[in-house]
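*Asks:* Got a structure here, written out as structure tokens. Questions coming.
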Amino acid sequence: MLLPAFEYARPESVDEALAELGRHRNARVLAGGQTLLNALKLRVVQPDVLVDVSRLEELRGIHAGGDGGLRIGAAVTYDELAGSPLVREHHPATAAMSARLVDRQVRARGTIGGNVCLADPTSNFPPLLVALGASLSVRGPDGSRDVAAEDFFVAPYLTAVRPGELLVEVRLPPLASGERVGYESLQLGTDSWALARASALVRCNGAIEHARVVLGCGPVPVRQPAMEAALRGRAATTEAVEAAAELAGEDFEPPTDVHASSEYRHAMGKVMAARAVLAATREER
Amino acid sequence: MGDSAHPITVTVNGERHERTVLGRQLLVHLLRDALALKGTHIGCDSGNCGACTVVCDGQAIKSCMMLAVQADGRAIETVEGLSGPLEPPDPLQAAFTRHHALQCGYCTPGMLMAARTLLAENPRPTQDEVRRAIKGNVCRCTGYVNIVRAIQDAAGTLE
């Protein structure tokens, strides 16, 4: 299909990309293009200018801090996340999740930055990044600012990145000793959108010391403080976790659509929350 | 605001091409229309079916989901690169023939190119690995069993 007319720009640096974005009110950032090209075909977006950041070296790196925290460039692909020795060592669940996303063709092109900036409510990364306590580094004409993942997702398909700004980096804090990550999702088939999703970061030393549980597939990913509080101090048994998960669903307002009702997704959100926590307590490193 | 034109250099099946493309031109159209390589098929045109799969710098990608200008400086391999019309078929192609791994044939070029990248990374894949590798390729005849067998046979892992 022929795409609508636009100007294509391939800047050589983040500064040049920001200049392009500043010059044109109706510009879009192109990274892997695995959603944007379809949106262009469907005329859902009709930008004047497409600013291609997919080759910017500044956005292509994965770096580890001395503490095991990771700085991941926004244009790093799913394949690169999955194959990175640093990600596999310091954030094995993130690497494992990336290795199973969509299909090999999409994993070769799709990027973590494109994924989170799209802010599709059914995506894997948004709830995971909130559970990990990630922060996102956004650059604009006036400099950089860091946005906590919890504040980054504003509404479906809307993030804290303002016009003229560019997401440059995703920062994953180090996992503390005893901290593990789990994620679970309910899909109708292996290729369908998720109906409900949960990610959990759990610190477990015999008993659960701390848990961060996040539900996905509502308008934005949401923390589950009542469930988190109920888990604290409990043994990581199926019974205890499932009992705590009865309290999940706070501020979780998934839509009703052809795939499932809101009520069903809400009920399944609790099940996913329990499974994600149990997966986190049993994750092998 | 309108179109923009860009000179690009792209290597396709080992041959270097210099072309000027519109910013909005898809890679699959460059291959099929400008370079007359019709082996790469357009199925869904929305990234779902994998019929347009080609290899870009060693990775399988969907050529309807990449701009032609993004192929600048890249090496692309299409199904025509597997074997010429007067040459013996590539081992993967021969295995597809032996196992009747194509019915209508529409998905075949994409299946072959996805399989090619799998075997380059993992020369002896299990059946599960083959199935996962062609997850992005839809066969509208639903002939998956023979396709998986053919790929395993080419890899020497068919039991």
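*Asks:* Quick one: count up the residues across the range A:1-22 that are assigned to a helix (DSSP H, G or I) and within 14 Å of chain B (Cβ to nearest Cβ). Break it down stepwise before answering.
*Replies:* Going residue by residue through the range A:1-22, those that are assigned to a helix (DSSP H, G or I) are A:14-22.
Next cut, within 14 Å of chain B (Cβ to nearest Cβ) only: A:20.
Total meeting the criteria: 1.
*Asks:* Looking at the range B:1-39 only, could you name the residues that are of a type outside the set (S, T, N, Q), under 17 Å from B:GLY84 (Cα atoms), out of contact with any Pro (no Cβ under 7 Å at 6 or more places or on another chain) and in a loop (DSSP other than H, G, I, E, B)?
*Replies:* Residues satisfying the conditions are B:GLY14, B:LEU35, B:ALA36, B:LEU37, B:LYS38.
*Asks:* While we're looking at this one, here's another question. Residues of the range A:70-79 being in contact with a Gly (Cβ under 7 Å, 6 or more places away or on another chain) and either within 14 Å of another protein chain (Cβ to nearest Cβ) or under 15 Å from A:GLY33 (Cα atoms) (or both), which ones?
*Replies:* Within the range A:70-79, A:ALA74, A:ALA75, A:THR77, A:TYR78 meet the criteria.
*Asks:* Continuing with this model, one more query. Can you tell me which of B:GLY110, B:GLY136 is outside the structural domain of B:VAL28 (by TED's automatic domain parsing) and either among the hydroxyl-bearing types (Ser, Thr, Tyr) or touching a His at 6+ places or on another chain (Cβ under 9 Å) (or both)?
*Replies:* When all the criteria are applied, what remains is B:GLY110.
*Asks:* In the range A:217-285, which helices (runs of 4 or more DSSP H) lie fully inside it and hold 3 or more residues that are under 20 Å from A:PRO156 (Cα atoms)?
*Replies:* Passing ranges, in order: A:262-282.
*Asks:* Then there is this: Looking at the range B:23-72, which of the residues that are aliphatic (A, V, I, L, M) and farther than 18 Å from A:ARG109 by Cα is nearest to the other protein chains (Cβ to nearest Cβ)?
*Replies:* B:ILE42
*Asks:* Sticking with this one: Where residues in the range B:131-159 are of a type outside the set (Phe, Trp, Tyr), assigned to a helix (DSSP H, G or I) and within 14 Å of chain A (Cβ to nearest Cβ), which of them is surrounded by the fewest Cβ atoms within 10 Å (Cβ to Cβ)? Steps first, please.
*Replies:* Applying the first criterion (of a type outside the set (Phe, Trp, Tyr)) to the range B:131-159 yields B:131-143, B:145-159.
Subsequent filtering for residues that are assigned to a helix (DSSP H, G or I) retains B:131-133, B:145-155.
Narrowing the set further to residues that are within 14 Å of chain A (Cβ to nearest Cβ) leaves B:131-133, B:151.
Details: B:ARG131: 14, B:ARG132: 17, B:ALA133: 23, B:ILE151: 30.
My answer is B:ARG131.
*Asks:* Given (1) outside the structural domain of A:ASP103 (by TED's automatic domain parsing); (2) surrounded by 14 or more Cβ atoms within 10 Å (Cβ to Cβ), identify the lone condition not met by A:ARG23.
*Replies:* Unmet for A:ARG23, out of (1) outside the structural domain of A:ASP103 (by TED's automatic domain parsing); (2) surrounded by 14 or more Cβ atoms within 10 Å (Cβ to Cβ): (2).
*Asks:* Go through the range A:72-95 and give me each residue that's surrounded by 17 or more Cβ atoms within 10 Å (Cβ to Cβ), in contact (Cβ under 8 Å) with a residue 60 or more places away in the chain and closer than 23 Å to A:SER177 by Cβ.
*Replies:* A:ILE72, A:HIS90, A:HIS91, A:ALA93, A:THR94
*Asks:* Could you pull out the residue among B:LEU92, B:LEU102 that is in contact (Cβ under 8 Å) with a residue 12 or more places away in the chain, surrounded by 14 or more Cβ atoms within 10 Å (Cβ to Cβ) and under 22 Å from B:ILE76 (Cβ atoms)?
*Replies:* That would be B:LEU92, the only listed residue that is in contact (Cβ under 8 Å) with a residue 12 or more places away in the chain, surrounded by 14 or more Cβ atoms within 10 Å (Cβ to Cβ) and under 22 Å from B:ILE76 (Cβ atoms).
*Asks:* Scan the range B:79-99 and tell me whether some residue there is assigned to a loop (DSSP other than H, G, I, E, B), closer than 24 Å to A:VAL102 by Cβ and modelled with pLDDT of 95 or more.
*Replies:* Looking for residues that are assigned to a loop (DSSP other than H, G, I, E, B), closer than 24 Å to A:VAL102 by Cβ and modelled with pLDDT of 95 or more, one finds none in the range B:79-99, hence no.
*Asks:* Within the range A:48-69, can one find any residue that is small (Gly, Ala, Ser), within 14 Å of another protein chain (Cβ to nearest Cβ), buried (at least 20 other Cβ atoms within 10 Å of the Cβ) and in a helix (DSSP H, G or I)? Even if it seems obvious, please write down each step before you answer.
*Replies:* Filtering the range A:48-69 for residues small (Gly, Ala, Ser) gives A:54, A:61, A:64-66, A:68-69.
Right, trim to within 14 Å of another protein chain (Cβ to nearest Cβ) and you get A:54.
Adding the requirement that they be buried (at least 20 other Cβ atoms within 10 Å of the Cβ) leaves A:54.
Subset that is in a helix (DSSP H, G or I): none.
For the range A:48-69, residues small (Gly, Ala, Ser), within 14 Å of another protein chain (Cβ to nearest Cβ), buried (at least 20 other Cβ atoms within 10 Å of the Cβ) and in a helix (DSSP H, G or I): absent.
*Asks:* Sort out which residues of the range A:151-168 are surrounded by 19 or more Cβ atoms within 10 Å (Cβ to Cβ) and touching a Leu at 6+ places or on another chain (Cβ under 7 Å), and write them in order of number.
*Replies:* Within the range A:151-168, the first condition is being surrounded by 19 or more Cβ atoms within 10 Å (Cβ to Cβ), and the residues that meet it are A:152-153, A:159, A:161, A:165-168.
Answer for the range A:151-168, where residues must be surrounded by 19 or more Cβ atoms within 10 Å (Cβ to Cβ) and touching a Leu at 6+ places or on another chain (Cβ under 7 Å): A:PHE152, A:VAL161, A:LEU166, A:LEU167, A:VAL168.
*Asks:* When the range B:50-78 is examined, which residues are found to be out of contact with any helix residue (DSSP H, G or I) (no Cβ under 6 Å at 6 or more places or on another chain), part of a loop (DSSP other than H, G, I, E, B) and closer than 25 Å to A:GLN46 by Cβ?
*Replies:* B:ASP72, the sole residue that qualifies.
The values are calculated or read from the model by the stated rules, or taken from the named source; none is laboratory data. Quick caveat: nothing in here was measured; it's all calculated off a predicted structure. Every residue, glycine as well, gets a Cβ built from its backbone with ideal geometry; the counts of neighbours run over all protein chains shown.
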